[in-house]
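*Asks:* Below is the structure I would like to discuss, written out as structure tokens.
What follows is calculated from the coordinates using simple rules that are stated; it is not laboratory data. For clarity, every value in this text was computed on a predicted model and none was experimentally measured. Quick reminder, even Gly has a Cβ in these numbers, built from the backbone with ideal geometry, and neighbours come from all protein chains shown.
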Amino acid sequence: MKRTKIKKKRSGQTLSKNLSQLKKACPLSGKNAPDINYKNLSLLKKYISDTSKILPSRITNVSHSKQKKLAKEIKKARSLALLPYVGY
């Protein structure tokens, strides 16, 4: 008896292609992107949860370098009492 090989679809390859197509661009990069500054409280509040935790970049789609700058500016605003350390 001959054994026949059954070809299986590799779902991992199609999944990785689909994920790369679904990636969103960084909202803080580009031509009309807002400047990250500790005085811009409306921008900083978008990246803080209800309990005043800084949201991770995997949720906000912010690039690594912008996320570091964003965290630094949020911490600066907290130290100047412009933003709360604990939930609002």
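*Asks:* How about region 64-88: which of its residues are part of a loop (DSSP other than H, G, I, E, B) and loosely packed, with under 15 Cβ neighbours inside 10 Å?
*Replies:* In the first step, residues of region 64-88 are kept if they are part of a loop (DSSP other than H, G, I, E, B); the result is 80-88.
Matches in region 64-88: 80, 81, 82, 84, 85, 86, 87, 88.
*Asks:* Give the residues of region 42-56 that are in a loop (DSSP other than H, G, I, E, B), among the hydroxyl-bearing types (Ser, Thr, Tyr) and either surrounded by fewer than 14 Cβ atoms within 10 Å (Cβ to Cβ) or touching an Asp or Glu at 6+ places or on another chain (Cβ under 8 Å) (or both), sorted by residue number.
*Replies:* Within region 42-56, 49, 51 qualify.
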